[in-house]
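Participant: Input: one structure, supplied below.
The values are calculated or read from the model by the stated rules, or taken from the named source; none is laboratory data. Since we're looking at a predicted model, the values are computed, not measured. So basically every Cβ, Gly included, is an ideal-geometry build from the backbone, and we count neighbours across all protein chains shown. Side chains included, ligands, DNA and RNA excluded: accessible areas come from the protein's heavy atoms. Shrake-Rupley method; radii C 1.70, N 1.55, O 1.52, S 1.80 Å.
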Amino acid sequence: MGIKLSSFDDILLLVLFIGLLNAILWPILTRIAMPFLVLTFGFGTLILNGFLLEEFAPLFGIEIQGPAIILAPLGMAAVTTILSSLITIDDDSSYYRSVLNDAKKKMKAEVKDYPGVIIVEIDGLAYEVL
């Protein structure tokens, strides 16, 4: 019971293959399987990745048996979470980039040539401070 592999290169190739499958198929799978993923509180993702490992690992000469089918995706998720949090410490630029891209998509191409009004609401500003 566990994971049996013949060489370390096999596991690297499998991880790259699973990463590509997740990058390509994940947007489609989330549209279809979103109710399942929500009802399982995110554990459905681990189940789907375990299914991918069970189906594709033998193609790379890797045997995954028993509880390793769930523990391997759990370990992969833990490593990914730790590495991504270490790499993006204090990095808010990806959030702002996403917000700006959404704003650019929603922005209208036409420019108005008449004056407008900008209203700024400041709650709790004292008269003396203003």
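Participant: Distance from the Cα centre of the range 5-50 to that of the range 71-116, in angstrom?
Facilitator: Using only Cα atoms to place each centre, the spacing works out to 22 Å.
Participant: Just how large is the dipole of the range 7-130 about the Cα centre, in debye to the nearest 20, putting +1 at every Lys and Arg Cβ and -1 at every Asp and Glu Cβ?
Facilitator: I would put it at about 460 debye.
Participant: Would you mind finding the longest exposed-site-free stretch of the chain, with exposed GluC sites (Glu not before Pro) meaning DSSP loop and at most 13 other Cβ atoms within 10 Å?
Facilitator: Answer from the scan: 1-109.
Participant: I would also like to ask the following. Among 116, 101, 62, whose Cα sits farthest toward the positive end of the charge dipole of the range 52-130 (+1 at Cβ of Lys/Arg, -1 at Cβ of Asp/Glu, about the Cα centre)?
Facilitator: Among 116, 101, 62, the one farthest towards the positive end of the dipole of the range 52-130 is 116.
Participant: How big is the accessible area of residue 83 in square angstrom, nearest 10, if you roll a 1.4 angstrom probe over the protein chains?
Facilitator: Roughly 90 Å² of residue 83 is accessible to a 1.4 Å probe.
Participant: Which is the longest run of the chain containing none of the chymotrypsin sites (Phe, Trp or Tyr not before Pro) found in DSSP loop states (not H, G, I, E, B) with at most 11 other C-beta atoms within 10 Å?
Facilitator: Here the longest run is 42-126.
Participant: Now for a separate question. For Rg and Dmax of the Cα atoms in Å, the choices are (i) 19.2, 78; (ii) 23.7, 76; (iii) 15.1, 47; which was calculated from the structure?
Facilitator: Recomputing Rg and Dmax of the Cα atoms in Å here gives the entry labelled (ii).
Participant: At a 1.4 Å probe radius, which order do 81, 30 fall into by accessible area, largest first?
Facilitator: 81, 30
Participant: Can you give the calculated 222 nm mean residue ellipticity of the chain, where each DSSP H run of n ≥ 4 adds -39,500 (n - 2.57) and the sum is split over every residue, rounded to the nearest 500 deg cm²/dmol?
Facilitator: -21000 deg cm²/dmol
Participant: So if R0 is 35 Å, what FRET efficiency would residue 63 and residue 41 give, r being the distance between their Cβ atoms, rounded to the nearest 0.05?
Facilitator: So, using R0 = 35 Å, E works out to roughly 0.75.
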